[in-house]
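Chemist: There's a structure below that I have some questions on.
The values are calculated or read from the model by the stated rules, or taken from the named source; none is laboratory data. Everything numeric here is computed off the predicted structure, so don't read it as measured data. Cβ coordinates were reconstructed from backbone atoms using ideal geometry, including for glycine residues, and neighbour counts include every protein chain displayed.
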Amino acid sequence: MAQTERVKQQVELPSTIFIRGLAEGSIFSDSIIGSTVADTILALSGDDTVFALDENDALLGDEGQDQMNGNAGNDFLDGGPGDDSLRGGKDLDSLFGGSGSDVLFGDRDSDTIWGEEGNDTIYGGKENDSIVGGGEDDLLFGDRGDDFVAGDIGNDTVVGGAGDDRLLGNDGGDTLFGETGRDILEGNTGDDVLFGGKDADSLAGGVGADFLSGDLGADTISGGIGQDTFNITRDSGGPGVSSADFINDFSNEDLIGLSNGLSFEELSIFASEDNPDNTIISVGGTNGNFLAVLEGVESSTIDSSDFVTLSLPTPTPPGPTTSPSPTSTPTPTETPTPTPTETPTPTPTETPTPTPTETPTPTPTETPTPTPTETPEPSNNPPEAEDDNLTTNQNEPLTFTTQELLENDSDPDGDPLSISAIGTPRNGSLVQENSTTYTYTPNTGFLGEDSFSYSISDGNGGSDTAQVNIKVNDSPQLVNNRGIIAERGGARQTIFNTNLLVTDTDNTAEEITYNIIRAPIQGNLTLVDDSINNDDTFSQADINNNLILYTPGNTAGRFPFTFSVSDGDNGTIPTTSFSITVVDNISEGGGGDNTINGTPASDYIL
């Protein structure tokens, strides 16, 4: 039997390329390590592994399945064609996947990430990230922080994670998960599925047959155009109307979905006490849990045909809710390994972060120094939106401008801000009159607190969300205005609330303020012993406590004072006069039949 000779053949792997400054790799699959200065690295073709160090680096992958890590600094990473894996590392990074099915990690700080073409998977990581999936079917995770995440084209899955996020499905049949925080979810075009998650969210289906589930928290939900299904469970609401989901565009072609074992027989359907034009859906009647409010829908028009029983598992967003673990998809760490685990590439040493002791090899002499296609722009800091507080009166429209809403908002970079999205109030309507003006109109008869959310953009991918709080106020009412009569040179008189009384159902007597426009030209009007002059004020509580006094002078005549009233919440009573008549004599007849003779002067006879 012939003996087979075994020959060992040594395979020589390409050595690691150390780059400092501006340089490029080869057309093969390279392992490239940057320096502690700001590097611009062109990996060229091949399946390259590129690891930058400190400072603000630019990493350009080109063709092949590249794995690149920006590490510390405000880095710019572009994977180019191929299925790439990019990590921003520390600080404010910009990542572009390019064409291909890429995996992108923003890691720490506020990053800007574009998946571009291909079925991409993107994790924002910590802080406030801006993520756009691009073409095809993407899987997008905002992760921690107040993130802006847009699916763009394709059937995308968008997960907000922790924080107050704004999620956009855009074109295609998208699935959006708000998770925790006050999120804004917009499905836009296509048959979308929206889950609000915890807290008070705003859900808008847009165009298409959408499925919308507010989940936990008092949510504001709009189906938009198309046959939509609004999902409720026993956990959707709580005691009182303010705990319920507010569905503001339910129509006869829409359905109410009942899930998690909730049945139609358990429901109570009745008109709202606050607004009879709205329908309440509850479990346990008026004293039970209020699940949903159907705006502008008469309760008599709702029956079992408007409901459908759904068998839904507990909605679980795909993938991790925090940064993924190293065993599946790489996780941002403080000192990332320059060589990925899935595609082994030789490393210069066993230490993950190599520090070469010999002088790094400069740019290869046979290859001309490349010119980068574009110098990375400085990273963008997101704007900061602050809540606004407005007031209007019952049944009275309120007009405000975008400038008023933006006045207390700011941008660390000084970028001009604009309103990129605006929500829907629960207890009124909001109409955009033009590009800069909105009008809020409370529902007829509504009194109390209303609100809606809005988002701002700095035009560079940064965004934030705040809330507009509107108090719908009951205006003060003038109940008594009877005047007083005093005797010339006589004792001072008290102005009682039987003489002058203003009431207000939603303000206290201390909050009802009389503003003196013109004081009496004779005599002395006082708050106890302090004179009340033009532009001074006193309250209804002062009148109720018998503290407003008038001391007549030595001249008979009419000496009224004029005033207006405000309640501190934009409710007013316009200029009105209070009558003060000073006479020469006051005669009192007493009981029985009396004969009283007047005098040549002015008399007041009781």
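Chemist: Restricting to segment 196-210, count the residues that are surrounded by fewer than 24 Cβ atoms within 10 Å (Cβ to Cβ) and touching an Asp or Glu at 6+ places or on another chain (Cβ under 8 Å).
Modeler: So the count comes out to 6.
Chemist: Could you check segment 255-273 and list, in sequence order, the residues that are closer than 20 Å to residue 210 by Cα and either in a loop (DSSP other than H, G, I, E, B) or touching a Gly at 6+ places or on another chain (Cβ under 7 Å) (or both)?
Modeler: Within segment 255-273, 259, 260 qualify.
Chemist: Next up: Please verify whether residue 516 is at pLDDT 95 or above and under 20 Å from residue 489 (Cα atoms), treating the condition exactly as stated.
Modeler: Answer is no for this residue.
Chemist: Additional query: Is one or more of the residues making up segment 472-481 free of Cβ contacts under 8 Å to residues at least 24 places away in the same chain and out of contact with any helix residue (DSSP H, G or I) (no Cβ under 7 Å at 6 or more places or on another chain)?
Modeler: The answer is yes, given that some residue of segment 472-481 is free of Cβ contacts under 8 Å to residues at least 24 places away in the same chain and out of contact with any helix residue (DSSP H, G or I) (no Cβ under 7 Å at 6 or more places or on another chain).
Quick grid of which residues meet (1) among the hydroxyl-bearing types (Ser, Thr, Tyr); (2) in contact (Cβ under 8 Å) with a residue 60 or more places away in the chain; (3) assigned to a strand (DSSP E or B):
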| position | (1), (2), (3) |
| --- | --- |
| 226 | no, no, no |
| 230 | no, yes, yes |
| 253 | no, no, no |
| 275 | no, yes, no |
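Chemist: Which one is farthest from residue 474 (Cα to Cα), of the residues in segment 532-561 that are part of a strand (DSSP E or B) and either aromatic (Phe, Trp, Tyr) or over 49 Å from the mean Cα position of the chain (by Cα) (or both)?
Modeler: So the residue we want is 557.
Chemist: Further, regarding this structure: Those residues that are under 35 Å from the mean Cα position of the chain (by Cα), in a loop (DSSP other than H, G, I, E, B) and more than 17 Å from residue 17 (Cα to Cα), I need them from segment 55-81; list them, please.
Modeler: 55, 56, 71, 72, 73, 74, 75, 79, 80
Chemist: Just name the residue that is farthest from the chain's Cα centre (by Cα) out of those in segment 447-461 that are assigned to a loop (DSSP other than H, G, I, E, B) and surrounded by fewer than 19 Cβ atoms within 10 Å (Cβ to Cβ).
Modeler: The residue in question is 447.
Chemist: Just name the residue that is modelled with the lowest pLDDT out of those in segment 20-54 that are in a loop (DSSP other than H, G, I, E, B) and surrounded by 24 or more Cβ atoms within 10 Å (Cβ to Cβ).
Modeler: Checking each candidate, the answer is 25.
Chemist: Taking the options 200, 218, name whichever one is in contact (Cβ under 8 Å) with a residue 12 or more places away in the chain and in contact with a Ser or Thr (Cβ under 6 Å, 6 or more places away or on another chain).
Modeler: Just one listed residue meets the conditions, 218.
Chemist: Quick check on segment 194-217. Is at least one of its residues more than 27 Å from the chain's Cα centre (by Cα) and part of a loop (DSSP other than H, G, I, E, B)?
Modeler: No, because not a single residue in segment 194-217 is more than 27 Å from the chain's Cα centre (by Cα) and part of a loop (DSSP other than H, G, I, E, B).
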